[in-house]
Amino acid sequence: MSEHENPRADTSYTTRRQLITAAVLAFGGLAVGTEVRGQAPPQSMQEAPGTAANAARTSLHQEVVIKAEPRRIYEALLDSKQFAAFSGLAADIDRNPGGAFTMFGGLIAGRNVELTPNACIVQAWRPSHWEPSVYSIVRFDFKAQDGGTLVVLDHKGFPAGDYDSLYAGWTGHYFDPLKKFLA
């Protein structure tokens, strides 16, 4: 097989799938280590204690109803100012497909993999304490319901042992503050 028949033989050639896979492997959860830039993390970002039953889990699923239109939720998650307003920490979000982001004052970083306006956000996502180049995939789906939106979250590919802290983090750092912000 020649280099043209086998793109992997040409090390300068990178496919979109390879980029997405790399992004997925590099991003992770809301769990935060004990030190970030030499400082203790904010109290609200510390890891939740894990349970033995969840120690091997590397994916999670949550569904939450927020009393706001899908458009408002989509915008709040992709707009730097709105994200900072509801989370209480700095955010820098390039809202384009492939755009990079940092959130929670740099504790979370990643890239937007796929964006379907007002319907779906897929991100390669990682907390700063994970090993370099370790990412997970976060997917938000927005489904309009009477008087609000069902937000379906699927978070996959994070390191074993992070399930409990990530599960608690999505509720405590995303959904609960977002509900208050959009009320």
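Here, each number is a calculation from the coordinates, and none is a lab measurement. Being a predicted model, the structure only gives us computed values, none of them experimental. Every residue, glycine as well, gets a Cβ built from its backbone with ideal geometry; the counts of neighbours run over all protein chains shown.
Tell me yes or no: at least one residue of the stretch 128-151 is in contact with a Pro (Cβ under 9 Å, 6 or more places away or on another chain), in contact (Cβ under 8 Å) with a residue 40 or more places away in the chain, within 19 Å of Arg57 (Cβ to Cβ) and in a strand (DSSP E or B). Looking through the stretch 128-151, at least one residue is in contact with a Pro (Cβ under 9 Å, 6 or more places away or on another chain), in contact (Cβ under 8 Å) with a residue 40 or more places away in the chain, within 19 Å of Arg57 (Cβ to Cβ) and in a strand (DSSP E or B). Across the stretch 71-113, the number of residues qualifying as more than 22 Å from Pro132 (Cβ to Cβ) and outside any loop (DSSP other than H, G, I, E, B) comes to 16. Quick check: is even one residue across the stretch 113-120 surrounded by fewer than 17 Cβ atoms within 10 Å (Cβ to Cβ) and of a type in the set (S, T, N, Q)? Yes, because at least one residue in the stretch 113-120 is surrounded by fewer than 17 Cβ atoms within 10 Å (Cβ to Cβ) and of a type in the set (S, T, N, Q).
No other residue among Phe158, Phe140, Phe86, Phe101 is hydrophobic (A, V, I, L, M, F, W, C) and over 21 Å from Leu178 (Cα atoms) apart from Phe158.
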